[in-house]
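The values are calculated or read from the model by the stated rules, or taken from the named source; none is laboratory data. Just so it is clear, the model here is predicted, and its values are computed rather than measured. Heads up, the Cβs are rebuilt from the backbone with ideal geometry, glycines too, and the neighbour counts pull from every protein chain shown.
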Amino acid sequence: MPQMIRHLAFWPKCPYGDHVRHFRTLIVMTSRPTDHPRIRRPRSSSRVRALMRTGWLPGQHGSWMMALLPFLVGATRGGWRPLHLLVLAAWMVAFMLFSAGSWWIRSPKRQRFAAATGTWAVSTVLLGGASVLCAPKLLSWAPIFAPLIAIALVQSLRRRQRSILARLSQVFASVFMCPVAVDISTAFRRTHWFPWQGGELWPQAWCAWAALAGVLVGSVLHVRCLIRERGNPTWIVASVIWHALTVVGTAWAAAAGQLHWLVPCAFALAFTRATFMPWKHQRTTIAVKYIGLAELVVMVAVGASLMVAP
């Protein structure tokens, strides 16, 4: 163990201004460099961080679940087809493009993200074009996705990528992949956009869409009140009320035969998390990784319950 030399020097009260603290403590620790070998992180972790810093991977781990879950739920509920794999690949590279492009737009060092943005842009054009060639009716969903993506990009240009508007636009762009996947499963045989006039699976698809929107919006509110708005009672109350409404809504859909009863049970778990964790966070700080793990558990529970047919 190296020897630690701690020097305490108390500075007297300064009579010339209140902005100077009354007392200051200066702690100086000295040790021999040989006694402290450099702590190196695993190479895999360093490589992942390097890919995140250059735009090749999204910087937020939770965004993967937000991008994947709605499409997986829709494809599982409707039935998998070969076209699902192509569209899923196109959607994921588009998701990568948005992540890298948003960094490229607002960063003063654009050359750092240029390679990733260009690669994901070319991949999106190729896979997206192949998807449209295989299923031209996919373009009927473009009027829904275009304004949501535009809102998210404008918020990135204004350096407000963490605003509620930006988060919600990203959430709903991901959630709409659920009915898109169901539309692919039914070979685009829907007759109308309305939930009650689109075929046998169409009402269930829109109920799953509403449930996914509920859990993802609730996740945004919950994480916001734990981190960026910690201790703000307005955000805590909004999160709790939203989660309570989702439990009631999914229970009503389950009673109507559109969702399995496991869905409101999963949302009850989400409601418990939304009420307990802010209370616990005010007394003992919860590490960010545990907040993320709790969100992952809730997402997996909700997603698994939505994949079960009613």
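Before moving on, here are some points about what is shown:
- Per the conditions (1) touching a residue at least 12 places away in the same chain (Cβ under 8 Å); (2) surrounded by fewer than 16 Cβ atoms within 10 Å (Cβ to Cβ), the sole criterion not satisfied by residue 175 is (2).
- Matching residues in segment 121-136 - criterion: being surrounded by 13 or more Cβ atoms within 10 Å (Cβ to Cβ) and farther than 12 Å from residue 90 by Cβ: 121
- Segment 137-152, subset surrounded by 17 or more Cβ atoms within 10 Å (Cβ to Cβ) and touching a residue at least 40 places away in the same chain (Cβ under 8 Å), residue farthest from residue 188 (Cα to Cα): 152
- Qualifying residue in segment 243-254 (condition: under 17 Å from residue 77 (Cα atoms), at pLDDT 90 or above, part of a helix (DSSP H, G or I) and touching a His at 6+ places or on another chain (Cβ under 8 Å)): yes
- Within segment 43-90, tally of residues that are modelled with pLDDT of 90 or more, farther than 12 Å from residue 177 by Cβ and of a type in the set (Phe, Trp, Tyr): 1
- Residue satisfying condition, being modelled with pLDDT of 90 or more and part of a helix (DSSP H, G or I), within set 142, 166: 142
- Within segment 267-287, the residues that satisfy the criterion of being more than 20 Å from residue 217 (Cβ to Cβ) and either surrounded by fewer than 15 Cβ atoms within 10 Å (Cβ to Cβ) or without any contact (Cβ under 8 Å) to a residue 40 or more places away in the chain (or both) are 279, 280, 282, 283, 284, 285, 287.
- So residue 197, is it closer than 24 Å to residue 93 by Cβ and at pLDDT below 95: no
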